[in-house]
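Here is the structure we will look at, set down as structure tokens.
The values are calculated or read from the model by the stated rules, or taken from the named source; none is laboratory data. In this text the structure is predicted, and so the values were computed from the model without any measurement. Glycine also receives a Cβ, built like all others from the backbone with ideal geometry; neighbour counts cover every protein chain displayed. Please note that ligands, DNA and RNA were not included when accessible areas were found on the heavy atoms of the full protein model with its side chains. Shrake-Rupley method; radii C 1.70, N 1.55, O 1.52, S 1.80 Å.
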Amino acid sequence: MKILVIEDDASISELLCMNLNVAGYDAIPVLDGLQAAEMLEKEDCGDIALALVDVMLPGKDGFALMEDLRKTQIPVIYLTAKDDVISKVHGLKAGAEDYIVKPFEVLELLVRIEKVLQRTGRGREKIQIRDVVIDLKEHSVTKNGERISLKPMEYELLVTLAKSRNVAFSREELLNRLWGTDYVGETRTVDVHIGQLRKKLDFYEVIRTISKTGYRLE
């Protein structure tokens with residue numbers, strides 16, 4: 001799934017692309033607003049699922065680029081240091097799906113990307129990890145073609161890890177996202193569910209324990 005990264009700061013662009021690629025996306029970097037406009041005009045962009053756009057770009061700023069992006073029907077998330085309310089309102093009214101102020105956490109960005117893709121009908125329908133296939137539409141999991149029975153929270157935990165591959169989650173993050181902030185049980189609940197996923201899917205080498213942090217699906 002291709003994501004256009006229109007960001008003029010080379011170091012930020014490289015970091016964004018690296019994290020997107022690790023999470024399973026195909027990141028396409030563009031460092032200039034005019035270059036982005038020319039690309040959108042000349043090339044077939046039908047396979048680009050989303051654009052991450054900085055506002056303050058050389059040549060043509062991110063707000064001006066919105067018209068070019070709307071013609072291609074590519075959903076847009078603005079990533080910018082402009083944190084004033086007027087800029088946020090301008091960006092959202094222009095048609096952006098989301099507006100994220102720098103600096104931001106990569107995990108938050110990945111979650112927001114997933115939400116925008118789902119909302120715009122561009123979300124992934126299946127995720128494959130080795131011989132395991134997660135069908136997000138059917139809410140089913142198969143291994144070597146055979147259906148694996150997972151409890152609801154086991155499935156949700158697997159999907160959460162699979163959608164953010166190579167991203168480390170703390171036990172507290174997983175509890176808050178899946179069980180809710182009002183959950184009063186122990187973090188060991190996460191450990192038990194991880195143990196079941198490893199056993200049922202033979203994911204002992206896939207779901208890694210991160211010392212003093214939590215878990216990561218590799």
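Things to note:
- Selection of region 104-124 for residues being touching a strand residue (DSSP E or B) at 6+ places or on another chain (Cβ under 7 Å) and either of a type in the set (D, E, K, R) or within 26 Å of ILE210 (Cα to Cα) (or both) yields LEU109, ARG112, ILE113, ARG122.
- Here LEU217 qualifies as closer than 28 Å to LEU50 by Cα and either open to solvent by less than 70 Å² (accessible area, probe 1.4 Å) or at pLDDT below 90 (or both).
- Pairs, first in contact (Cβ under 8 Å) with a residue 40 or more places away in the chain in region 60-76, second in a loop (DSSP other than H, G, I, E, B) and among the polar types (S, T, N, Q), C-beta under 7 Å, six or more apart: PRO75/THR120
- Considering (1) closer than 25 Å to MET18 by Cα; (2) in contact with a strand residue (DSSP E or B) (Cβ under 6 Å, 6 or more places away or on another chain), the lone condition that LYS212 does not fulfil carries the number (2).
- The set of residues in region 115-134 that are surrounded by fewer than 17 Cβ atoms within 10 Å (Cβ to Cβ) and either under 10 Å from the mean Cα position of the chain (by Cα) or aromatic (Phe, Trp, Tyr) (or both) contains only LYS115.
- Restricted to helices (runs of 4 or more DSSP H) entirely inside region 1-104, those with at least 1 residues that are under 25 Å from ARG216 (Cα atoms) and either open to solvent by 70 Å² or more (accessible area, probe 1.4 Å) or touching a Cys at 6+ places or on another chain (Cβ under 9 Å) (or both) are 10-22.
- Near pairs, Cβ below 6 angstrom, 6+ apart or cross-chain, from region 167-178 (more than 17 Å from VAL206 (Cα to Cα)) to any residue that is part of a helix (DSSP H, G or I) and open to solvent by 40 Å² or more (accessible area, probe 1.4 Å): LEU178/GLU156
- Residues in region 146-180 that are acidic (Asp, Glu) and either part of a loop (DSSP other than H, G, I, E, B) or open to solvent by 30 Å² or more (accessible area, probe 1.4 Å) (or both): GLU146, GLU156, GLU172, GLU173.
- Among the numbered conditions (1) farther than 16 Å from LYS71 by Cβ; (2) over 23 Å from the mean Cα position of the chain (by Cα); (3) not hydroxyl-bearing (Ser, Thr, Tyr), the only one that GLU43 does not meet is (1).
- Here GLU186 meets each of (1) within 18 Å of ALA23 (Cα to Cα); (2) not in a helix (DSSP H, G or I) with one exception, condition (1).
- Figure legend. Inter-residue proximity from region 193-216: first residues in a loop (DSSP other than H, G, I, E, B), second residues surrounded by 12 or more Cβ atoms within 10 Å (Cβ to Cβ), beta-carbon distance below 7 Å, spacing 6+ or different chains. Indicated pairs: PHE203/LEU197; TYR204/ARG198; VAL206/ILE129; VAL206/ARG130; VAL206/LEU217; VAL206/GLU218; THR213/ALA168; THR213/SER170.
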